[in-house]
1. Within the stretch 85-102, can one find any residue that is within 30 Å of Glu38 (Cβ to Cβ), in a helix (DSSP H, G or I) and out of contact with any Asp or Glu (no Cβ under 8 Å at 6 or more places or on another chain)?
2. Given the conditions (1) in contact (Cβ under 8 Å) with a residue 24 or more places away in the chain; (2) surrounded by fewer than 15 Cβ atoms within 10 Å (Cβ to Cβ), report the number of the one that Trp102 does not fulfil.
3. Among (1) of a type in the set (A, V, I, L, M, F, W, C); (2) part of a loop (DSSP other than H, G, I, E, B); (3) without any contact (Cβ under 8 Å) to a residue 40 or more places away in the chain, where does Leu138 come up short?
4. What number of residues in the stretch 47-76 are within 15 Å of Arg135 (Cα to Cα) and either touching a residue at least 60 places away in the same chain (Cβ under 8 Å) or in contact with a His (Cβ under 8 Å, 6 or more places away or on another chain) (or both)?
5. Collect the residues in the stretch 159-183 that are in contact (Cβ under 8 Å) with a residue 60 or more places away in the chain and either part of a helix (DSSP H, G or I) or surrounded by 15 or more Cβ atoms within 10 Å (Cβ to Cβ) (or both), keeping them in residue-number order.
6. With the requirement that a residue be modelled with pLDDT of 85 or more and among the acidic types (Asp, Glu), what does the stretch 76-109 give you?
7. Could you check Ser107 against (1) surrounded by 14 or more Cβ atoms within 10 Å (Cβ to Cβ); (2) in a helix (DSSP H, G or I); (3) not charged (D, E, K, R) and say which number it fails?
8. Just one of Arg86, Arg78 is within 26 Å of Tyr43 (Cβ to Cβ) and surrounded by 12 or more Cβ atoms within 10 Å (Cβ to Cβ); which is it?
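The values are calculated or read from the model by the stated rules, or taken from the named source; none is laboratory data. If you're wondering where the values come from, they're calculated on a predicted model, not measured in any experiment. Every residue, glycine among them, receives a Cβ derived from its backbone with ideal geometry; neighbour counts consider all protein chains shown.
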Amino acid sequence: MPETGAACSPAAPRWSSRWPIPPSARASPTTPASWSGEEDRLYGEWVDLALALGITRRHVPDGPAAFRDYFTAMVNDRLECNDTVRLLIDLDHRPLPPPPRWPFPVSAWSGVALPPTVLLRKVGIGSLPPVLRERCGLRWTAADERRFRHFARAMRLADTVMIDRLRTSPIAARAMRTSRPGP
């Protein structure tokens, strides 16, 4: 296990860039070991994002198989439920504060923000490998798993009709474009 404060270790940014591989794009929503035939495309997207985040090419696993090995080792041997993770889990239980100049009472914001907060929390937990859920004490039931799989299926269906420019936020798309090696 890494020492306390491992969230700031050089491996942490590489780990965080694993998340662009959306559960909706995987055959199984929780592990890259079961990627479908889109493995090369997904790996390419992961590399683009890793480079956009400033991770040097020498720190990027060389190919999908190496990424799977890296992912498995990171999950099994390195990731821990430390103070930073516990803080994020705690913050995840609360809706974000209202935006600046919110014209209505804060209670109205809570009514607006709570449903997406709950959905994002469940999707985030569902996207984790089961061993990490258990390690961090995140409750996950069979009903949660069914709802998550239905949500992932709906996202896969929505993705089939989504136009390309709406798939990525403008900021992320620009970062990924600028991180790619020139022609």
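1. There is at least one residue in the stretch 85-102 that is within 30 Å of Glu38 (Cβ to Cβ), in a helix (DSSP H, G or I) and out of contact with any Asp or Glu (no Cβ under 8 Å at 6 or more places or on another chain).
2. (1)
3. (3)
4. 1
5. Asp159, Ala172, Ala175, Met176, Thr178, Ser179
6. Asp77, Glu80, Asp83, Asp90
7. Result: Ser107 fails condition (1) only.
8. Arg78
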